[in-house]
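Since the structure comes first, as structure tokens, the remarks are kept for the end.
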Amino acid sequence: MFIPKRVIFEEKALEYKLGEKLLKDFKEKLNVEIMYSKNGRITGIPGRDDIQKYLEGKNTLVVGVRKTLKFESCKPSAHYQLPIVSGCMGMCEYCYLNTQMGKKPYIKIHVNTDEILNKAAQYIDERKPEITIFEGAATSDPIPVEPYSNALKECIEYFGKRDKAYFRFVTKYTDIDSLLPLNHNGKTTIRFSLNTDSVIKKFEHRTPNFNERLMAAKRVADSGYPIGLIIAPVFIYEDWQHEYYSILQDIHNSLSGYNIKFEVISHRFTKRAKENILNVFPKTMLPMDEEIRKFKFGQFGYGKYIYKDEDMTGLKEFFLNNISDLFGKESINYII
């Protein structure tokens, strides 16, 4: 659970029951600084330099209203992003949110979940009889703030009753017990982002270790949820094949017999991301040497540096062969 140093309330949020409740709860139960924003602009987060601004942003919670209800696309994992939360308490050095959330990357929950879900209903109706899939963690990890927002609970129960629609989200966190008894009806897929312990220790600060995430995934699977595992980002380093095969074996030992879907994503970075990462993590050990990467334009029009063709071929063959052997080829959604 995320315990912020400060909470900033947008004035409009206090017109909603959840906004009122959270203000009362934070005043009475938690010793945190409470601030207000009248115009929706988030100011007042301290910081003398980029590192301090980043750290203070990561310890700030904003309670606000989702103003625009136009949903962004979310390829390849879903049709649309479902904008219930933005930001994440984790401090993963490689995270693409480092380039999207500004120099003070605060976490924000939206108190108008009902309005967001009503808009989702419109998208569902427009696409019928096709199925519509919504991603609840495209720009966030919603689990650490679920005790405040209850957004996942609302979404899981909402989609559990809907026809022609599915919900999915991904997390690195393990506080999922409040979701286990919900009436999901198999319409929500909970996915866990996994990596080797050496990658987690080096780059995924303020997150649970591999085994803790795997045990949480097992509790989710035992509750009947469809389960997904995202192995990302995959790094090529000394002994990488041994370490990644080891976690595949651990997954097999714990989740054998469950219908698991895998997504495997290799490490990539943009020039802008590299600049921001080096400002916040000047001693980072992330492999970001542009000379040994291949430059490729992404789906959103900007370029990124990916592994060269021979490295990507070896990476894809490794995961295709080993996941197929352990879980069946049909368990692979994609390897990129």
Residue that is surrounded by the fewest Cβ atoms within 10 Å (Cβ to Cβ) [pool: residues in the stretch 318-334 that are within 8 Å of Phe262 (Cα to Cα) and of a type outside the set (Ser, Thr, Tyr)]: Asn333
Pair list, Cβ under 6 Å, 6 or more apart: the stretch 111-126 residue within 20 Å of Leu14 (Cα to Cα), other residue in a loop (DSSP other than H, G, I, E, B) and open to solvent by 30 Å² or more (accessible area, probe 1.4 Å): Val111/Tyr16; Asn112/Arg66; Ile116/Arg66
Test for Ser77: is it among the small types (Gly, Ala, Ser) and touching a residue at least 60 places away in the same chain (Cβ under 8 Å): yes
Members of the stretch 177-199 that are out of contact with any helix residue (DSSP H, G or I) (no Cβ under 6 Å at 6 or more places or on another chain), in a helix (DSSP H, G or I) and under 19 Å from His267 (Cα atoms): Ser198, Val199
First in the stretch 240-268 and over 24 Å from Ile306 (Cα atoms), second anywhere and of a type in the set (D, E, K, R) and modelled with pLDDT of 95 or more, Cβ under 9 Å, 6 or more apart: Ser254/Lys218; Leu255/Lys218; Tyr258/Lys218; Tyr258/Asp222
In the stretch 275-314, residue farthest from His242 (Cα to Cα) [restricted to those that are among the polar types (S, T, N, Q) and in a loop (DSSP other than H, G, I, E, B)]: Gln299
Identity of the residue in the stretch 252-270, within 21 Å of Asn209 (Cα to Cα) and touching a Phe, Trp or Tyr at 6+ places or on another chain (Cβ under 8 Å), that ends up surrounded by the fewest Cβ atoms within 10 Å (Cβ to Cβ): His252
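The values are calculated or read from the model by the stated rules, or taken from the named source; none is laboratory data. In this text the structure is predicted, and so the values were computed from the model without any measurement. For neighbour counting, all protein chains shown are included, and Cβ atoms are generated from backbone atoms with ideal geometry for every residue, glycine included. Surface accessibility is based on the protein's heavy atoms, side chains included, excluding ligands, DNA and RNA. Shrake-Rupley method; radii C 1.70, N 1.55, O 1.52, S 1.80 Å.
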